[in-house]
Structures are given as C-alpha cells and as structure tokens.
1. Pairs please, first residue from segment 166-183 and among the charged types (D, E, K, R), second anywhere and in a helix (DSSP H, G or I), Cβ atoms under 9 Å, 6+ apart in sequence or on different chains.
2. Looking only at segment 84-95, how many residues end up being at pLDDT 90 or above and open to solvent by less than 40 Å² (accessible area, probe 1.4 Å)?
3. Looking only at segment 185-211, count how many residues are in a helix (DSSP H, G or I) and touching a Lys or Arg at 6+ places or on another chain (Cβ under 6 Å).
4. Which residues, taken from segment 106-141, are touching a Phe, Trp or Tyr at 6+ places or on another chain (Cβ under 6 Å) and without any contact (Cβ under 8 Å) to a residue 60 or more places away in the chain?
5. Kindly list the number of the only condition in (1) under 30 Å from G109 (Cβ atoms); (2) touching a Phe, Trp or Tyr at 6+ places or on another chain (Cβ under 8 Å); (3) in contact (Cβ under 8 Å) with a residue 24 or more places away in the chain that fails for M212.
6. Could you please tell me which pairs satisfy a Cβ distance under 8 Å, a separation of 6+ or placement on different chains, a first residue in segment 291-319 that is outside any helix (DSSP H, G or I), and a second residue that is among the small types (G, A, S) and at pLDDT below 95?
7. Only one residue in L168, L117 is open to solvent by less than 70 Å² (accessible area, probe 1.4 Å) and within 19 Å of the chain's Cα centre (by Cα). Which one?
Amino acid sequence: MAFFDVVIQFVALLAIELAYFKLANRLNIIDQPNERSSHTRSTLRGGGVIFYVGALLFFIWSGFQYPWFFAGLSLITLVSFTDDFSGVPNRIRIGIHLLSVGLMFSEIGLLDETWWLVGVALVVTIGIINAYNFMDGINGITGGYSFVVLAGLGYVNTFQVAYAPNELILFTLLSLLVFNIFNFRHNARCFAGDVGSVSMAFIILFLLASLMLSTQNLIYILFLAVYGVDSVLTIVIRLWNRENIFRPHRSHLYQRMANEGGHPHILVSLYYMAVQALICIVVIWISDWSSVSQLAISFLWLGLLTCIYVGLSGRYRTEDIIQTCS
C-alpha cells in the first residue's frame, strides 16, 4: 500500500472516531467512575469501535477477503457494543462468542482438526478474549499493548513467514494509532469499552492462530505472555482467597500499581508494553530453534514473569485482599 493511501486511511479513521464521539455524547455512552474503577472522571466509552472500522476498511479494500472471520468479528463486535450501551444477558453473550469463534476457526481451517483439539482451542480462545477484556482498565494499556503485539506479528509476517495479508495488520495498527491519540494520555478522552478490547482480542487471535497453524509452532503464544500471566495469576489468587472471580475487582497487577502504588496510568502501560516487546523480540529470535530450546526458554520467561508478579503483588496489595487475609 502506497504512503498516500496509508495517510488517507488514517485520516478517514480519525474522522470516523471523532464522529463516534459526537454520537456517544448524544446517546450518553459514558463510563461513570465507581469504587472498582481506576479513573475518577466521566469518560466516553466504546472508542475502541474504531478497531472494527479498521477491519471493515480492510475487508472492503481487499475485495471481501476472509468472509467467515469478518462475520465472526461483526457478531462479537455487535454484542460487545450492545453490552457497552445497554447490557446483554450472559447466555446471549456467551452464545455469540461461541458462534463467532467457530466462524474464525472455519476461516483458518481449524474445524478440520480432531474434535478434542477444536474443543481445547475453543475454550482457550474464549478465555483469552475475556482475559483481554478484563485487562482493559487503565489509560493506554489496551492500545499500547495491542500495538506492540501487532508490531511483532507484522514483523514475522513481513520478514519470516507470510501467514496473512500485511494490509490487515496495517489497517489495525492505523486504528490503534487513532485510538491512542485519545486514550494514551493522562486524561483520556475515551475508553475502548468491551467493543474495543473484545474486537481487538478477536483480531489478534485470528492472526496468532493463522501464524501458529502456518508454522506448526506454539512459541508465538508468548506474544500474549504478559497479559496471560497477569490474568491467570490474578484468578488463582482470587480463588485462593475465596473470592467470586466473576465479580468486578481491582486485583490485577496493573490496577494495583496504578491505584495502590500511585503510578501514572501511562507509565504502567509503558511497563507492560516494554516487557511484552522484549518477549516478542526473543520469540522472533528463537522461532527457528529446536523445540526443546524453545520450551526451556518459554518456561524461563513464564517463571520470571511469575516472580515479578508475585513480588509486586506483595508490594501493592489491595484493601480487599488485605481484609480477606486478615
């Protein structure tokens, strides 16, 4: 894609985002702070709808490539946006998630694999989508972290193995740039909302699954290592403390650092971005090593991230956890 075309797409996405802000104000799609929030000001919700718009522009530009993927993305985006606006019953939301992921699997040919592999992949994929949504709690983290992951995926696609059109990654990166203009700052003008975090997770998982199927290499799942360790260990700790893991909370490490630790949101987001960027570089470097070496390094990184999580969690304890343990 020529540079001029990239500029045109960026300007179009920027104009669409600004138009959404006017619509959100009119429809009162506002995130009000509460005791579980990490923000103190009323802020527009759903600015992450621009991620879907970026995918839509690619879909049109490419001559309607990947129709099943885009159908799944459209369904999961619609139910997530509705949830942001008025709420959706859990059974409907879960049903749409299952259908959407099934359409994604159909696009990449995963449904042709054995039933147990499809079942495991389905559970893992829906789990990651929901974890990605739960990690969207402070300014800059969804936009910044996703940009790092997509940049890594784009590098692999360009210089190592072509598993997807570069334009899909480019359009998504452009939508992230637009969103970050309004979110990656001290006083965010908008939040991604469920529509943003869920649709971004869906796009990233489509690309990751395509890459892992093309290379038959699971090492690339470490492109989500930082989010994964934070999400899994937070669930483990909440279960250990006999908390309801389905209730809203502020127990993630990034929330503790921002709330109890008093670190600026953007600084915490930059920490997460920097660590994930380093892991992506290592993954790209060792992607052609032996399976044994990759497995050893994977365990090394996961162990290191676990130690960091446990160490910082002891420093930034939330009031809920202190009360539970006392």
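The values are calculated or read from the model by the stated rules, or taken from the named source; none is laboratory data. Keep in mind the model is a prediction, meaning the values are calculated, not measured. Here Cβ is always computed from backbone atoms with ideal geometry, including for glycine, and neighbour counts include all displayed protein chains. What goes into the accessible areas is simple: the full protein's heavy atoms, side chains included, and nothing from ligands, DNA or RNA. Shrake-Rupley method; radii C 1.70, N 1.55, O 1.52, S 1.80 Å.
1. Note: pairs meeting the criteria are E167/F58; E167/W61.
2. 1
3. So the count comes out to 1.
4. Those that are touching a Phe, Trp or Tyr at 6+ places or on another chain (Cβ under 6 Å) and without any contact (Cβ under 8 Å) to a residue 60 or more places away in the chain: S106, L111.
5. All conditions pass for M212, except number (3).
6. Y316/G261; T318/S251
7. Exactly one residue qualifies, and that residue is L168.
Table: residues versus (1) more than 27 Å from Y271 (Cβ to Cβ); (2) modelled with pLDDT of 95 or more; (3) part of a helix (DSSP H, G or I); (4) among the acidic types (D, E).
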| position | (1), (2), (3), (4) |
| --- | --- |
| W116 | yes, no, yes, no |
| T125 | no, yes, yes, no |
| G152 | no, yes, yes, no |
| L168 | yes, yes, yes, no |
| F171 | yes, yes, yes, no |
| S175 | no, yes, yes, no |
